[in-house]
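Colleague: Starting off with a structure, shown below.
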Amino acid sequence: MRRLTALLFGLLSPLVLLTPVAAATTQAAPPRDTISWAPCPEEPAVECGTLTVPIDWNQPSSGTFEVGVARRKATDPAARIGALVLGAGGPGGSGVGLVLGSPRRFSPEILRRFDIVGLDPRGTNRSHPVVCSTDVLTQAPDPLLKSQADFDRMLAYNDRLRADCRARTGPLFDHVDSLSTAADLDAFRAALGEKKLTFWGGSYGTLLGQLYAERYPSRVRAFVLDSTMDHSLDTRGFMDTETWGAQDAFDEFVAWCDRDSRCVQHGKDVRSIWKGLLERADRGELSVPGEPDTKVTAFMLINNALGAFYDPANWQPLSQLLAALEAGETPRPGALPLTIDRTEEVSPNPFQIFCLDFRLPVRDYREFSKHLRRLAKIAPDMRYSPLAIGPVISCLGQPDPIPNPQHRLKVRTNTPLLVLNSLHDPATTYPWALSTAHQLGRSGRLLTYEGWGHIVYGRGACATEAVDTYLISQTLPAPGTRCPAVPPTDVQTLREPVTPLPGTPGWTPSGLFR
C-alpha cells in the first residue's frame with residue numbers, strides 16, 4: 001500500500017489542469033418532445049423510446065437526433081423512490097441493454113424501489129452510432145510502433161479513419177463527447193419528470209456520472225461510481241496507472257497459481273512460462289488455433305490475459321490456455337477470439353467518444369518509445385497494458401481543442417458520491433479511485449473491495465448491501481470501509497468479456513483480433 005500511495009501521489013503532480021468547458025455551454029434545455037413509450041421488442045416488460053436532443057448543445061438550432069432510452073418500472077409502485085439511471089461502460093456500452101438485463105444485475109430490493117432507466121450514450125447503439133468502413137478498420141497498423149515511419153503511418157491512418165467515420169456518421173461524429181451526453185441525460189431527467197436522479201455508473205459510465213454531478217449538483221440524489229475513471233491524468237499518468245494495474249493483476253494471478261491446485265501451472269514457475277510464451281510470440285512461433293499461418297503476437301497474448309483478469313473466475317481457463325499454448329496444442333474453441341467480422345460494410349466504432357473526452361498527446365516516436373521503456377519497468381512481466389497503448393495510439397492526431405478535456409473534479413453535492421473499486425482492478429485501477437475520491441473531497445466517499453476484477457457491485461454481500469443502502473436511504477458506508485475479497489468461483493468456461501471488447505477502455509480496431 002505504501003508503494004501504491006507513492007505511485008498515486010507521484011502521478012497527481014503532473015495532472016493535466018486544462019480549463020474545463022464552461023458549464024453554461026452544457027445547460028440542458030427542455031426536451032423537444034416527450035417520450036412515447038412502447039414495449040421493447042426484446043422484452044415487453046421494459047419500455048423503449050426515443051428522446052430528441054440537439055446534435056450540438058452549444059448550437060441547438062443546428063440539428064437534432066434521437067437518443068434511445070429504456071425504462072423498467074418499479075415492481076412496487078407504492079414503495080417507489082424515483083428513477084435509477086444506469087450508466088453504461090465502454091465507451092460503447094448500452095444503457096438500454098443494462099435496463100433490459102437489470103434483473104440479472106441488481107437486487108430485488110433495488111428493482112422494487114426504483115424505475116430502472118437508461119439511455120444509450122450519443123454515438124452508440126440506438127443513439128445514432130458512429131460507424132466506419134469495416135475494411136478501413138481492419139487496415140490499422142500494428143499498435144506497437146517501432147520507428148518514426150510507423151508513427152507517421154499511424155497518424156495518416158487515424159486521419160483517414162476519422163474522415164471515413166465522419167462521412168458515414170454525419171455531424172454527430174464531432175459531438176459524441178461525454179459532456180454532451182451529460183446534457184442529454186438532464187434532458188432525459190426532465191422528460192421523465194424527475195426533480196433529482198439516482199445513478200449507478202460502471203467503468204466508463206462513471207465519467208458520465210462525474211460530469212453530471214459537476215454540472216447539475218442540485219439534481220443529484222445519490223450517485224454511485226463503480227470502478228471509476230480518473231478524468232484528470234495526463235498521458236504519462238494514464239499510461240503508468242493502466243500498466244501498473246496490468247502488472248498487479250498478473251501478480252495476483254501468479255499468487256493464485258501458487259496456492260490453488262486448480263491452476264494448471266500450480267507448483268511451476270508461472271512467470272518463466274509466461275516469459276517463454278511471449279518470447280515465442282516475438283519469434284513468430286505461436287499461431288492462431290486452426291490457422292497455422294496466422295501468428296499470435298505478444299500484444300494479442302497480453303491482451304487476452306488482461307481480458308481474463310476482468311474476472312477472477314477466468315483464472316482457471318486462462319491457466320488452461322497457457323498450458324495448451326506452451327505444449328503446442330490447439331486451445332479449446334473460443335479461448336483465443338482472434339477474428340473480427342468482415343462481412344459487414346460498416347462497423348460501429350465508439351472510440352471517438354474517448355478521443356473527445358481525453359487528450360493524451362505524444363509528439364513523435366521518440367517520445368512514444370520513452371513511454372514504452374518506462375512501462376516495461378513498471379510491468380516486468382506484462383510489459384505494458386493494452387489499455388494504456390490503445391487509447392494513446394487510437395487518438396493520435398485528434399484535432400484540438402477537444403470538447404471535454406481532462407480537469408480536476410469540482411463537485412459540490414448535498415449527498416456525497418459513493419466511489420467503489422476493486423483493489424486489483426486491471427482496467428479502472430485502484431489509484432484512479434483514490435485520486436477521484438481525493439478530488440471529490442467532502443462530496444465523495446470511497447469503499448474499497450479487497451478482491452479482484454472489474455465492477456464491484458455483486459461481488460459479495462458487503463459491497464452489494466452497502467450500495468443498496470446508499471441508493472435507497474442515501475446512507476453512506478463509514479469512512480475507510482473495506483469489503484473482504486470473495487474467493488474466485490470454479491467455472492469451466494471464460495466469462496465475457498474474455499478480452500477488452502469494443503466498448504471497454506483501450507479498445508482499438510488496430511488488428512488486435514486478426
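The values are calculated or read from the model by the stated rules, or taken from the named source; none is laboratory data. Because the structure is a prediction, the values reported are computed rather than measured. Here the Cβ is made from the backbone with ideal geometry for all residues, glycine too, and neighbour counts use every protein chain on show. Remember, those area values only see protein heavy atoms, side chains included, never the ligands or the DNA or RNA. Shrake-Rupley method; radii C 1.70, N 1.55, O 1.52, S 1.80 Å.
Colleague: Any chance you could count how many residues in region 289-315 are part of a strand (DSSP E or B) and either in contact with a Gly (Cβ under 6 Å, 6 or more places away or on another chain) or open to solvent by less than 10 Å² (accessible area, probe 1.4 Å) (or both)?
Modeller: Applying the first criterion (part of a strand (DSSP E or B)) to region 289-315 yields 291-295.
Retained after the next criterion (residues that are either in contact with a Gly (Cβ under 6 Å, 6 or more places away or on another chain) or open to solvent by less than 10 Å² (accessible area, probe 1.4 Å) (or both)): 295.
The total comes to 1.
Colleague: If you don't mind, another one. Would you confirm whether any residue within region 491-507 is at pLDDT 50 or above and either closer than 22 Å to Gly90 by Cα or loosely packed, with under 15 Cβ neighbours inside 10 Å (or both)?
Modeller: Here is the first cut: in region 491-507, the residues at pLDDT 50 or above are none.
Checking region 491-507: not a single residue is at pLDDT 50 or above and either closer than 22 Å to Gly90 by Cα or loosely packed, with under 15 Cβ neighbours inside 10 Å (or both).
Colleague: Also, quick follow-up: Gly49 passes all but one of (1) assigned to a loop (DSSP other than H, G, I, E, B); (2) modelled with pLDDT of 95 or more; which number fails?
Modeller: Looking at each condition in turn, Gly49 falls short on (1).
Colleague: Can you go through Cys263, Cys257 and tell me which one is out of contact with any strand residue (DSSP E or B) (no Cβ under 6 Å at 6 or more places or on another chain) and either more than 22 Å from His424 (Cα to Cα) or not in a loop (DSSP other than H, G, I, E, B) (or both)? Before the answer, list the steps.
Modeller: Values: Cys263 fails: either more than 22 Å from His424 (Cα to Cα) or not in a loop (DSSP other than H, G, I, E, B) (or both).
It is Cys257.
Colleague: Which of the residues spanning region 409-434 are within 20 Å of Pro391 (Cα to Cα) and in contact with a helix residue (DSSP H, G or I) (Cβ under 9 Å, 6 or more places away or on another chain)? It would help to see each step written out before you state the result.
Modeller: In the first step, residues of region 409-434 are kept if they are within 20 Å of Pro391 (Cα to Cα); the result is 425-433.
The answer is Asp425, Pro426, Ala427, Thr428, Thr429, Tyr430, Pro431, Trp432.
Colleague: Right, Trp244: open to solvent by less than 10 Å² (accessible area, probe 1.4 Å), modelled with pLDDT of 95 or more and under 26 Å from Arg373 (Cβ atoms) or not? Give the derivation first.
Modeller: Values: open to solvent by less than 10 Å² (accessible area, probe 1.4 Å): no; modelled with pLDDT of 95 or more: yes; under 26 Å from Arg373 (Cβ atoms): yes.
Here the answer is no, as Trp244 does not meet what is asked.
Colleague: Same structure, new question: Pull up region 188-211, narrow it to residues that are in a helix (DSSP H, G or I) and out of contact with any Leu (no Cβ under 8 Å at 6 or more places or on another chain), then point me to the one that is nearest to Ile455 (Cα to Cα). Explain how you work it out, then say what you get.
Modeller: First pass over region 188-211, keeping only residues in a helix (DSSP H, G or I): 188-192, 205-211.
Filter once more, keeping what is out of contact with any Leu (no Cβ under 8 Å at 6 or more places or on another chain): 190, 192, 207.
Values: Ala190: 29, Leu192: 28, Leu207: 14 Å.
Going through the qualifying residues, I end up with Leu207.
Colleague: If Pro91 satisfies all but one of (1) within 21 Å of Pro129 (Cα to Cα); (2) modelled with pLDDT of 95 or more, what's the number of the condition it fails?
Modeller: All conditions are met except number (2).
Colleague: Take region 412-456 and flag every residue that is part of a helix (DSSP H, G or I), among the aliphatic types (A, V, I, L, M) and open to solvent by 10 Å² or more (accessible area, probe 1.4 Å). Can you show your working first?
Modeller: The first filter runs over region 412-456 and keeps only residues part of a helix (DSSP H, G or I), leaving 430-443.
The next check asks that each one be among the aliphatic types (A, V, I, L, M); those that pass are 433-434, 437, 440.
Leu434, Ala437 - these are the residues of region 412-456 that are part of a helix (DSSP H, G or I), among the aliphatic types (A, V, I, L, M) and open to solvent by 10 Å² or more (accessible area, probe 1.4 Å).
Colleague: Counting only residues that are touching a Ser or Thr at 6+ places or on another chain (Cβ under 8 Å), surrounded by fewer than 24 Cβ atoms within 10 Å (Cβ to Cβ) and among the hydrophobic types (A, V, I, L, M, F, W, C), how many does region 85-109 have?
Modeller: Total meeting the criteria: 0.
Colleague: Now for a different question. Return the pair list, or none, for Cβ contacts closer than 8 Å from residues in region 396-412 that are charged (D, E, K, R) to residues that are at pLDDT 95 or above and surrounded by 19 or more Cβ atoms within 10 Å (Cβ to Cβ), at least 6 apart or on different chains.
Modeller: Qualifying pairs under 8 Å: Arg408/Ser232; Arg408/Gln439; Lys410/Glu214; Arg412/Ser443.
Colleague: May I pose another question? Scanning region 110-125 for residues that are farther than 22 Å from Gln210 by Cβ and charged (D, E, K, R), which turns out surrounded by the fewest Cβ atoms within 10 Å (Cβ to Cβ)? Walk me through it before giving the result.
Modeller: The initial filter retains those residues of region 110-125 that are farther than 22 Å from Gln210 by Cβ, namely 111-113, 115.
Imposing the further condition that a residue be charged (D, E, K, R) reduces the set to 112-113, 115.
On the way: Arg112: 16, Arg113: 20, Asp115: 22.
My answer is Arg112.
Colleague: Which pairs do you get when a residue that is in contact (Cβ under 8 Å) with a residue 24 or more places away in the chain, found in region 268-289, comes within reach of a residue that is basic (Lys, Arg), reach meaning Cβ atoms under 8 angstrom, with the pair 6+ apart or on two chains?
Modeller: If the second residue must be basic (Lys, Arg), the pairs left are Leu278/Arg383; Leu286/Arg280; Leu286/Lys295; Val288/Lys295.
Colleague: For the structure I just gave you, tell me whether Glu66 is among the acidic types (Asp, Glu), within 19 Å of Gly123 (Cβ to Cβ) and open to solvent by 40 Å² or more (accessible area, probe 1.4 Å). It would help to see each step written out before you state the result.
Modeller: On the way: among the acidic types (Asp, Glu): yes; within 19 Å of Gly123 (Cβ to Cβ): yes; open to solvent by 40 Å² or more (accessible area, probe 1.4 Å): yes.
It is true that Glu66 is among the acidic types (Asp, Glu), within 19 Å of Gly123 (Cβ to Cβ) and open to solvent by 40 Å² or more (accessible area, probe 1.4 Å).
Colleague: Going through region 223-237 one residue at a time, which ones are crowded, with 24+ Cβ neighbours inside 10 Å and not acidic (Asp, Glu)? Lay out the reasoning, then the answer.
Modeller: Kept after step one, since they are crowded, with 24+ Cβ neighbours inside 10 Å, are these residues of region 223-237: 223-231, 233, 237.
Scanning region 223-237 gives Phe223, Val224, Leu225, Ser227, Thr228, Met229, His231, Leu233, Gly237.
Colleague: If you don't mind, there's one more thing I want to ask. Which of the residues belonging to region 208-222 are closer than 14 Å to Gln439 by Cα and open to solvent by 20 Å² or more (accessible area, probe 1.4 Å)? Before you say what the answer is, go through the steps one by one.
Modeller: Of region 208-222, the ones closer than 14 Å to Gln439 by Cα are 210-211, 213-214.
Correct list: Glu214 only.
Colleague: So, restricting to helices (runs of 4 or more DSSP H) that lie completely within region 105-187, which ones have at least 1 residues that are at pLDDT 95 or above, within 30 Å of Arg221 (Cβ to Cβ) and in contact with a strand residue (DSSP E or B) (Cβ under 8 Å, 6 or more places away or on another chain)? So that I can check it myself, show each step before the final result.
Modeller: Details: elements: 108-113, 134-137, 148-169.
Passing ranges, in order: 108-113.
Colleague: Does Arg160 satisfy the condition of being open to solvent by 20 Å² or more (accessible area, probe 1.4 Å) and without any contact (Cβ under 8 Å) to a residue 60 or more places away in the chain?
Modeller: On the way: open to solvent by 20 Å² or more (accessible area, probe 1.4 Å): yes; without any contact (Cβ under 8 Å) to a residue 60 or more places away in the chain: yes.
Yes, satisfied.
Colleague: While we're here: Taking Arg283 and the conditions (1) within 25 Å of Phe368 (Cα to Cα); (2) open to solvent by 10 Å² or more (accessible area, probe 1.4 Å); (3) touching a strand residue (DSSP E or B) at 6+ places or on another chain (Cβ under 8 Å), which numbered condition does it fall short on, given that it satisfies the others?
Modeller: Among (1) within 25 Å of Phe368 (Cα to Cα); (2) open to solvent by 10 Å² or more (accessible area, probe 1.4 Å); (3) touching a strand residue (DSSP E or B) at 6+ places or on another chain (Cβ under 8 Å), Arg283 violates only (3).
Colleague: Which one of these is among the small types (Gly, Ala, Ser) and either within 26 Å of the chain's Cα centre (by Cα) or closer than 30 Å to Lys410 by Cα (or both): Gly284, Gly267, Gly237, Gly276? Spell out how you get there, then give the answer.
Modeller: Working: Gly284 fails: either within 26 Å of the chain's Cα centre (by Cα) or closer than 30 Å to Lys410 by Cα (or both); Gly267 fails: either within 26 Å of the chain's Cα centre (by Cα) or closer than 30 Å to Lys410 by Cα (or both); Gly276 fails: either within 26 Å of the chain's Cα centre (by Cα) or closer than 30 Å to Lys410 by Cα (or both).
After ruling out the rest, the residue left standing is Gly237.
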